[in-house]
Amino acid sequence: MQIKVDLFSDTGTRPSQEMREFMARAEVGDEQLMEDPTVNRLNEMVADLLGKEEAIYLPSGLMANQISFAVHCRPGDEIIMDKTAHPIHYEGGAAAVISGTSIRPLNGKRGIFTAEQVAAAIRSKDYHDPQSRVVSIEQTSNLGGGTIWPLERIREVCQVAREHGLKTHMDGARLLNAVAATGISAREYAATFDSVWIDLSKGLGAPVGSVLAGSKEFIHQARYWKQRLGGAMRQAGIIAAGGIYALEHNVERLKEDNENARYFAEGITGLPGIEIDAESVETNIVLFRVKGMTAEEFSDRLLRKGVRVSIMGKDLLRAVTHLDVDREDIEYAIKAVSEIIDHDLEF
Ligand SMILES: Cc1ncc(COP(=O)(O)O)c(C=O)c1O
């Protein structure tokens, strides 16, 4: 069955014709020698967007998380993050391998924890304990369902971290979706973090890359890790240009993705067998539960109608909106869900 509406993830976005043309025209140089003018420009743009001294283009968001941990920590240190965080579930255990660190998961609410939880998790200086070194948050929280960390909560958490001498890190894979939803600038969200990155290859629609930002010294250290991990590239301006195009053309429109997600959630609200709280949809990720069949069966039936979502648990599904789906596609997806309820399920 051909996929008509792909709500599997915003990572599947493809570069538009205009983006491809812009990429083809990019001026390039040797990125590893810091001589690629397009990569250098992208780094400046993101450093400015996030209000940091410098930034560094990387092949993936995963590498941005892991390099940050490697710079901030020494082997044996511990990183505090929510139990749903990406490095715990989707990074192949990289923190243990690359920085030799362990992770202290917190039991947050939909990906968001409190300053009190951080304070309680920080280890003592006893030599039996691993040393708490970093607090990491995810804006927005992916497995939390696209939830937005409120600015006030961010400030509280970072303050506690700082009081105890810990570094602070923001996985901003979807930070700009939060910006689109609240109107709070990326700079404001990033202000209290030692390291922060955005992903170019999700809702922004570029094919490759993330950009990690921080102080001059932090980025200097990050560059060693980028080299060590084989992340330094050559004529990377071709792909970095996709990121520049995305920042110039696709940021404002993230609002549409957030609105489409809410529209989808509202459209399936009240259908028998669907459990969803449309009010809780803050950005471009919709989590919903199904009754009467497993998530896998439901997803298969949707797929037969040309709609792809992802399976997040036994009865839990996730739909993510992005620049390759429009309102009409969402209407189609809502209809597909209703048809399964009408024809395939009995209550
Ligand atoms: C919250 C979060 N962090 C990190 C990543 C990793 O990004 P990348 O796929 O660019 O490595 C993802 C990707 O889905 C993500 O959702």
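Summary of values
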| item | result |
| --- | --- |
| Under-5 Å amide H pairs with Ile112, H placed in peptide plane, nonlocal only | none |
| Order of Tyr245, Tyr332, Tyr127 - criterion: other Cβ atoms within 10 Å of each residue's Cβ, fewest first | Tyr127, Tyr332, Tyr245 |
| Karplus 3J(HN,Hα) series, Hz, for the range 221-236 with 6.51 cos²θ - 1.76 cosθ + 1.60 (x for Gly, Pro) | 5, 4, 5, 4, 5, 4, 5, 4, 8, x, x, 6, 10, 10, 7, 6 |
| Listed residue (Val325, Phe264, Ile56) projecting farthest to the positive dipole end of the chain, Cβ model | Ile56 |
| Cβ-based exposure ranking for Asp30, Asp199, Asp77, in which fewest neighbours within 10 Å come first | Asp30, Asp77, Asp199 |
| Under Karplus coefficients 6.51, -1.76 and 1.60, residue-wise ³J(HN,Hα) of the range 2-18 in Hz, glycine/proline x | 6, 7, 8, 10, 9, 9, 5, 6, 7, 6, x, 4, 10, x, 6, 4, 5 |
| FRET efficiency estimate (nearest 0.05) - Cβ-Cβ, Ser280 to Ala96, R0 30 angstrom | 0.35 |
| Rounded to the nearest 20 debye, dipole of the range 228-347 from Cβ charges on Lys, Arg, Asp, Glu | 660 |
| Anisotropy class of the range 117-241 from Cα gyration tensor, a/c 1.5 cut | oblate |
| Ranked Ser215, Ser136, criterion: other C-beta atoms within 10 Å, fewest first | Ser215, Ser136 |
| Out-of-range pairs (alpha-carbon distance over 25 Å; input Lys83/Lys216; Lys83/Lys335; Lys314/Lys335; Lys4/Lys202) | Lys83/Lys216; Lys83/Lys335 |
| Contour excess over end-to-end distance, with Cα ends at Thr294 and Gln2 and 0.36 nm allotted per residue | 102.9 nm |
| Gaussian network model of the chain, springs between alpha carbon atoms under 10 Å - residue of Gln227, Gln139, Gln131 with greatest fluctuation | Gln227 |
| Efficiency of FRET between Tyr127 and Glu152 - r from beta-carbon atoms, R0 35 angstrom, step 0.05 | 0.45 |
| Size of electric dipole in the range 16-249: Cβ of Lys, Arg +1 and of Asp, Glu -1, about Cα centre, debye, nearest 20 | 480 |
| FRET efficiency, Glu44 to His343 (Cβ-Cβ, R0 45 Å, nearest 0.05) | 0.25 |
| Separation of alpha-carbon centers, the range 160-208 and the range 274-331, rounded to whole Å | 26 |
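Every number in this text was worked out from the coordinates using simple rules, so none of it is lab data. Quantities reported herein were computed from a predicted structural model and do not represent experimental measurements. Cβ atoms come from the backbone with ideal geometry, glycine included; neighbour counts cover every protein chain shown.
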